[in-house]
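This report refers to the structure that appears directly beneath it.
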Amino acid sequence: MSTENPSRRDFLKTAVVTACSPGLGPFGLSELLAPSPASSDMLATSPPAPLPIKKGVLLDMLPAKLSYADRLKMARDVGFDVIQAPTTPDQHEAEEIKKAADGANLRIDSVMNMDHWQYPLSSSDAAVVEKSLAGMRTSLHNAKLWGSDAVLLVPAVVNPQTSYRDAWSRSQKEIRKLLLLAEELKIVIAIEEVWNKFLLSPLEMAEYIKEFQSPWIQAWFDVGNVLLYGYPQDWIRTLGKSIVKVHLKDFKRKENGYEWVNLGDGDVNWEAVRNAFREIGYAGSAIAELKAGDEAYLRDLSRRLDRLVLGRT
């Protein structure tokens, strides 16, 4: 064995000889091998601090029978920090939502764009694409009114009529038409990965976003959407700082298929997800995207986010 890499036995032999030398006195060996205060501290390491992520919920998950004011007050009361609201073309209704959020001291964090599935930007039909662009413009103006900083966009849909290559090039071309407005309003267009047969790997999604070379195009990451073909923690580390917003879902594989389930009841490895968020320094919002429910259900969901996502005990 080389002198540069002594064995543990050689190290202990050297330590005994040194400890018995006159310079160390009669207690030399015990002093040498005694644990230092720093070592004791390391053994008693406290758990990591909770992540500084803001807990969110969809507006549509709150009881529809209540007024906007009562819905948003409930969201605040059960522990949520932010709301994601859908595209709202009616200006009067949009103002009502803003007033309710202000009254509840609850931030509308982002907008769920609503026209990208029915009218995809990747369509070969110019009229369909224009409907999609109009929906995104409405969403961007909603975001400005509400004080939000991002709009979720499903960028394209691959289907028998639209090839993967066309979905990529067409959608990028149309999204670039929205960049001036996004920059003017200071609203990020956040690209989400979803079951649209498009952007099926984290490397691909990172490249798609990178090609815009714009700070106004970033990633919206959905934890549950990738479980069929990947691992959320891998996506998080690959997308890294481009992630500006997060959706939370859980997914349970079954013998005859799958089902969406409550957070913590599915196959998501939440500890691995939490560690990945910590590694990339994510401190944005994480918004539950689940079924609607009553106050007790929402309060339980808020606690699940505390435990699973933030790391609060």
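When the criteria are applied in full, Glu130 meets the requirement of being charged (D, E, K, R), within 21 Å of Pro89 (Cβ to Cβ) and not in a loop (DSSP other than H, G, I, E, B). I'd like to check something: does the stretch 146-159 contain any residue that is more than 20 Å from Phe221 (Cβ to Cβ), open to solvent by 20 Å² or more (accessible area, probe 1.4 Å) and without any contact (Cβ under 8 Å) to a residue 40 or more places away in the chain? For the stretch 146-159, residues more than 20 Å from Phe221 (Cβ to Cβ), open to solvent by 20 Å² or more (accessible area, probe 1.4 Å) and without any contact (Cβ under 8 Å) to a residue 40 or more places away in the chain: present. Filtered by the rule that a residue be more than 11 Å from Val111 (Cβ to Cβ) and open to solvent by 20 Å² or more (accessible area, probe 1.4 Å), the stretch 132-145 gives Ala134, Arg137.
One residue stands out among those in the stretch 237-287 that are assigned to a strand (DSSP E or B), within 13 Å of the chain's Cα centre (by Cα) and among the β-branched types (Val, Ile, Thr): the one that is surrounded by the fewest Cβ atoms within 10 Å (Cβ to Cβ), which is Ile243.
Listed here are the residues, each with its yes/no results for (1) over 30 Å from Leu145 (Cα atoms); (2) touching a Ser or Thr at 6+ places or on another chain (Cβ under 8 Å); (3) surrounded by fewer than 23 Cβ atoms within 10 Å (Cβ to Cβ).
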residue	(1), (2), (3)
Thr162	yes, yes, yes
Ile189	no, no, no
Leu200	yes, no, yes
Glu204	yes, no, yes
Ser214	no, no, yes
Trp235	yes, no, no
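Return yes or no: is Ala143 part of a helix (DSSP H, G or I), within 20 Å of the chain's Cα centre (by Cα) and over 16 Å from Glu193 (Cα atoms)? Judged against the criteria, Ala143 is a match.
Among the criteria (1) assigned to a helix (DSSP H, G or I); (2) under 22 Å from the mean Cα position of the chain (by Cα); (3) over 20 Å from Gly284 (Cα atoms), the one Pro155 does not fulfil is (1). Considering the stretch 288-299 alone, what residues qualify as being open to solvent by less than 50 Å² (accessible area, probe 1.4 Å) and either over 21 Å from Val151 (Cα atoms) or outside any loop (DSSP other than H, G, I, E, B) (or both)? Selection gives Ala288, Gly293, Tyr297, Leu298. Can you say whether Val111 is touching a residue at least 24 places away in the same chain (Cβ under 8 Å), part of a loop (DSSP other than H, G, I, E, B), open to solvent by less than 70 Å² (accessible area, probe 1.4 Å) and not basic (Lys, Arg), as far as the supplied structure shows? Here the answer is no, as Val111 does not meet what is asked.
The one condition from (1) outside any loop (DSSP other than H, G, I, E, B); (2) open to solvent by 20 Å² or more (accessible area, probe 1.4 Å); (3) touching a residue at least 12 places away in the same chain (Cβ under 8 Å); (4) not hydroxyl-bearing (Ser, Thr, Tyr) that Glu184 does not meet is (3).
It is to be established whether one or more residues within the stretch 168-183 are under 24 Å from the mean Cα position of the chain (by Cα) and under 18 Å from Pro89 (Cα atoms). Scanning the stretch 168-183 turns up at least one residue that is under 24 Å from the mean Cα position of the chain (by Cα) and under 18 Å from Pro89 (Cα atoms). Which of the residues that make up the stretch 132-167 are out of contact with any His (no Cβ under 9 Å at 6 or more places or on another chain), within 13 Å of Ile191 (Cβ to Cβ) and of a type outside the set (Gly, Ala, Ser)? Selection gives Val151 alone.
Before we move on, is Gly224 open to solvent by less than 10 Å² (accessible area, probe 1.4 Å), at pLDDT 95 or above and closer than 19 Å to Ser110 by Cβ? Yes; evaluated as a whole, the condition is true for this residue.
Of all residues in the stretch 121-131, none satisfies being within 22 Å of the chain's Cα centre (by Cα), among the hydroxyl-bearing types (Ser, Thr, Tyr) and open to solvent by less than 10 Å² (accessible area, probe 1.4 Å).
The values are calculated or read from the model by the stated rules, or taken from the named source; none is laboratory data. This structure is a prediction, so every number in the text was calculated from the model and none was measured. Every residue, glycine as well, gets a Cβ built from its backbone with ideal geometry; the counts of neighbours run over all protein chains shown. Just so you know, the surface numbers come from the protein's heavy atoms only, side chains and all, with ligands and any DNA or RNA stripped out. Shrake-Rupley method; radii C 1.70, N 1.55, O 1.52, S 1.80 Å.
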